[in-house]
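The values are calculated or read from the model by the stated rules, or taken from the named source; none is laboratory data. Just so it is clear, the structure is predicted and the values come from calculations on it, not from any experiment. Ideal geometry is used to build each Cβ from the backbone, glycine not excepted, and the neighbour counts take in all protein chains shown.
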């Protein structure tokens, strides 16, 4: 049956499956979980599509998880085109057909279901984790770890990852915490990728398709660089010749057009740079009149439900002007509905160039003939640093369309600030490993806190099985190997050699004052063995101590704040179980102490908004908080101070606290102010405002569930329900998913 299933599935594709795809699919057909690590654009998704196909054959469900809502929305549309009404979508603020046989979700939703409603997985055949290298994401990696650890062993796991240096370690961890998983790695791209350096109007070979770097460009680039300190050291200071003129994006696009290397994605790390470059390229005109007509028709259809006032928004007008010229831009500050339009037009071959930030490289399916890396450094929130090899390959992996291009083309323009040697080092450097970013959360603690004599048993298992602990166990094993190596030397070396004088750094360090006379090789090995055995003992004890200390700190905080009484969950613990936000403790304390009892709908949404804006950059904001909302803020600030002080006393730092920068904007929107007026009153981009409104809706839903857990007649419930309705109107409703089923607008928030 499995052979027939694989053959029938393979026949649905217009191309023959690659060996690694067939190998992974046959592994799944045999009932074994699989992890596929391969470069971007090699067709890993085919493996996941077979898992879905097999689940349907077996009359069971398939859950497809992604790290970001935009990717979930894209997968939802893809599967819906193939399987119709059998597909559902859950992304926190959007729930569409949740009982569907194929359910596409963000990883947060899957994790929440596993923690709160594990019985929902009783008929699930497979759980697919797309972009599983997100395990190392500082903000969201914990969610991935908890989802994998808590996934039922009755379900196969399908983990899709970009190429990383420690895929084997991650697969070993999954095998230990879930069930055996087979790792399949594939290093060869479906379309070979060649790298070029754009210099003086020419494309000069830089790195060939086999990863071999050219030596002809040595000494070029970085002429203005003066050894600026960056993470990891300093760039070279050697003397170089005079700098050359830098090429503009239009120069490069014009050359690509002549060489028939369009369509292209041009990466920058600044939203403003993307938009300015797109406006400049729009003056060239890169499309035909027929294509322009098709583009206008697509825009008209997609924006049909947009209110006339919203059609006048700056981003909408700018893209309505640029897109028919074959040019677009794409970044996190773009309205979600406009992102979808740009993605669809590019995938239809109607756009010739899209200027984008690296958020586009995170899983969204937009292959191009060429990719240009406009700059080799980026600001990471702390400092300006060089790109990592992983980031470079994630972006350049978009180059080369399977079945269309003979090879993909990656281009790095000359820069007087970056030596070409550094470009090559980034392009050919070793990939960074996945490193755990696991941390504890109150929501998890209370959802896994059991009744009975050993209430922390499931929690202890979760902490002990984290990828962090597994990686620390790897360090323990490495120390054990050191011990065995030294013991083997002591046992096998000839006596004459052991009695020889010891030399070297370790001998000088360990000899000290104890040995006035000769310090032999035997003495050195004996001292080294004692030292390494002490390291091994500390490492083994450290794991147990860390787990006990963390559990005790969490328990102490929850006891002080009244969520645990005599080791058992108190009544208000039920509310915190519903709050997945990092600031859940503050918000539930607010609910429990009556902060929101008499709050109006606009006031309560305003308060929720303070926990939803997470950009550090300062911005202009003319909106003000009304008096009633100020009173709520003052009470929440007192609660926040108490929570943070309690955490500090317990040696914890889990609650980030709220921000005042988004003040007044949500209240204005709920009071009927238009989206255009919101933008005129703040320097935020359309997409930033929309993203924050999407988070407000998600957090308001969590807060409403927490209030219901405190009692079905909680005073805040009517205001919360009404506030959600006031928020989800107009362009916010359109962008956040209303009308998905009938195609009236994308679920794009």
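Which ones in segment 436-466 are exposed (fewer than 15 other Cβ atoms within 10 Å of the Cβ) and assigned to a loop (DSSP other than H, G, I, E, B)?
450, 451, 452, 453, 454
Can you work out which of the residues in segment 107-119 that are in contact with a helix residue (DSSP H, G or I) (Cβ under 7 Å, 6 or more places away or on another chain) and modelled with pLDDT of 90 or more is surrounded by the most Cβ atoms within 10 Å (Cβ to Cβ)?
Once the filter is applied, the top-ranked residue is 110.
Could you check residue 190 against (1) crowded, with 23+ Cβ neighbours inside 10 Å; (2) closer than 30 Å to residue 412 by Cα and say which number it fails?
Tallying (1) crowded, with 23+ Cβ neighbours inside 10 Å; (2) closer than 30 Å to residue 412 by Cα, residue 190 fails exactly one: (1).
Whether any residue in segment 587-605 is touching a strand residue (DSSP E or B) at 6+ places or on another chain (Cβ under 6 Å) and either over 21 Å from residue 684 (Cα atoms) or modelled with pLDDT under 95 (or both) is what I want to check.
No - not one qualifying residue is present in segment 587-605.
Is it the case, given these coordinates, that residue 165 is surrounded by fewer than 23 Cβ atoms within 10 Å (Cβ to Cβ), modelled with pLDDT under 95, over 14 Å from the mean Cα position of the chain (by Cα) and over 29 Å from residue 472 (Cα atoms)?
No.
Taking the stated definitions as given, is residue 242 part of a loop (DSSP other than H, G, I, E, B), touching a helix residue (DSSP H, G or I) at 6+ places or on another chain (Cβ under 9 Å), at pLDDT below 80 and in the same structural domain as residue 383 (by TED's automatic domain parsing)?
For residue 242, the condition - part of a loop (DSSP other than H, G, I, E, B), touching a helix residue (DSSP H, G or I) at 6+ places or on another chain (Cβ under 9 Å), at pLDDT below 80 and in the same structural domain as residue 383 (by TED's automatic domain parsing) - is not met.
Looking at segment 64-99 only, could you name the residues that are in contact (Cβ under 8 Å) with a residue 12 or more places away in the chain and either touching a helix residue (DSSP H, G or I) at 6+ places or on another chain (Cβ under 6 Å) or part of a strand (DSSP E or B) (or both)?
Of everything in segment 64-99, those that are in contact (Cβ under 8 Å) with a residue 12 or more places away in the chain and either touching a helix residue (DSSP H, G or I) at 6+ places or on another chain (Cβ under 6 Å) or part of a strand (DSSP E or B) (or both) turn out to be 64, 65, 66, 67, 87, 88, 89, 90, 91, 92, 93, 96.
Taking interchain pairs and intrachain pairs at least six residues apart, which have beta carbon atoms under 9 angstrom, with the first residue in segment 1-25 and over 21 Å from residue 181 (Cα atoms) and assigned by TED's automatic domain parsing to the domain that holds residue 82 and the second surrounded by fewer than 11 Cβ atoms within 10 Å (Cβ to Cβ) and at pLDDT below 90?
Qualifying pairs under 9 Å: 10/16; 14/403; 15/403.
Could you grab me the full set of residues in segment 120-139 that are over 17 Å from residue 465 (Cα atoms), in contact with a helix residue (DSSP H, G or I) (Cβ under 6 Å, 6 or more places away or on another chain) and in contact (Cβ under 8 Å) with a residue 40 or more places away in the chain?
Scanning segment 120-139 gives 125, 126, 128, 134.
Go through the residues of segment 5-21 one by one and say whether even a single one is surrounded by fewer than 22 Cβ atoms within 10 Å (Cβ to Cβ), modelled with pLDDT of 95 or more and over 22 Å from the mean Cα position of the chain (by Cα).
So far as segment 5-21 goes, no, none of its residues is surrounded by fewer than 22 Cβ atoms within 10 Å (Cβ to Cβ), modelled with pLDDT of 95 or more and over 22 Å from the mean Cα position of the chain (by Cα).
From the list 706, 694, 741, 733, pick out the single residue that is at pLDDT 95 or above and within 30 Å of the chain's Cα centre (by Cα).
706 is the lone residue from the list that is at pLDDT 95 or above and within 30 Å of the chain's Cα centre (by Cα).
Scanning segment 256-268 for residues that are surrounded by 20 or more Cβ atoms within 10 Å (Cβ to Cβ) and part of a loop (DSSP other than H, G, I, E, B), which turns out farthest from the chain's Cα centre (by Cα)?
261
In segment 604-627, how many residues are surrounded by 15 or more Cβ atoms within 10 Å (Cβ to Cβ) and under 25 Å from residue 701 (Cβ atoms)? Steps first, please.
Restricting attention to segment 604-627, the residues satisfying the condition of being surrounded by 15 or more Cβ atoms within 10 Å (Cβ to Cβ) are 604-613, 615, 621, 623, 625-626.
In the following step, the residues that additionally are under 25 Å from residue 701 (Cβ atoms) were identified as 604-613, 615, 623, 625-626.
Looking only at that region, the number is 14.
Taking residue 645 as the residue in question, decide whether it is part of a loop (DSSP other than H, G, I, E, B) and either out of contact with any strand residue (DSSP E or B) (no Cβ under 6 Å at 6 or more places or on another chain) or modelled with pLDDT of 95 or more (or both).
No.
Would you check if residue 277 is outside any loop (DSSP other than H, G, I, E, B), surrounded by 15 or more Cβ atoms within 10 Å (Cβ to Cβ) and either in contact (Cβ under 8 Å) with a residue 40 or more places away in the chain or assigned by TED's automatic domain parsing to the domain that holds residue 203 (or both)?
It is true that residue 277 is outside any loop (DSSP other than H, G, I, E, B), surrounded by 15 or more Cβ atoms within 10 Å (Cβ to Cβ) and either in contact (Cβ under 8 Å) with a residue 40 or more places away in the chain or assigned by TED's automatic domain parsing to the domain that holds residue 203 (or both).
Against the definition (surrounded by 19 or more Cβ atoms within 10 Å (Cβ to Cβ) and in contact with a helix residue (DSSP H, G or I) (Cβ under 6 Å, 6 or more places away or on another chain)), how does residue 104 come out, yes or no? Break it down stepwise before answering.
Details: surrounded by 19 or more Cβ atoms within 10 Å (Cβ to Cβ): yes; in contact with a helix residue (DSSP H, G or I) (Cβ under 6 Å, 6 or more places away or on another chain): yes.
Against the criterion (surrounded by 19 or more Cβ atoms within 10 Å (Cβ to Cβ) and in contact with a helix residue (DSSP H, G or I) (Cβ under 6 Å, 6 or more places away or on another chain)), residue 104 qualifies.
Residue 392 - would you say it is over 20 Å from the mean Cα position of the chain (by Cα) and buried (at least 20 other Cβ atoms within 10 Å of the Cβ)?
no
How many of the residues in segment 656-678 are at positive phi and either assigned to a helix (DSSP H, G or I) or buried (at least 17 other Cβ atoms within 10 Å of the Cβ) (or both)?
Residues flagged as at positive phi and either assigned to a helix (DSSP H, G or I) or buried (at least 17 other Cβ atoms within 10 Å of the Cβ) (or both) within segment 656-678 amount to 1.
How do the pairs read when you match residues in segment 669-684 that are closer than 17 Å to residue 306 by Cβ with residues anywhere that are modelled with pLDDT under 95 and part of a loop (DSSP other than H, G, I, E, B), using Cβ under 6 Å and keeping only pairs 6 or more apart or on different chains?
Hits for this filter: 674/309; 676/309.
How many residues are over 17 Å from residue 53 (Cα atoms) and surrounded by fewer than 19 Cβ atoms within 10 Å (Cβ to Cβ) if we restrict to segment 85-95?
1
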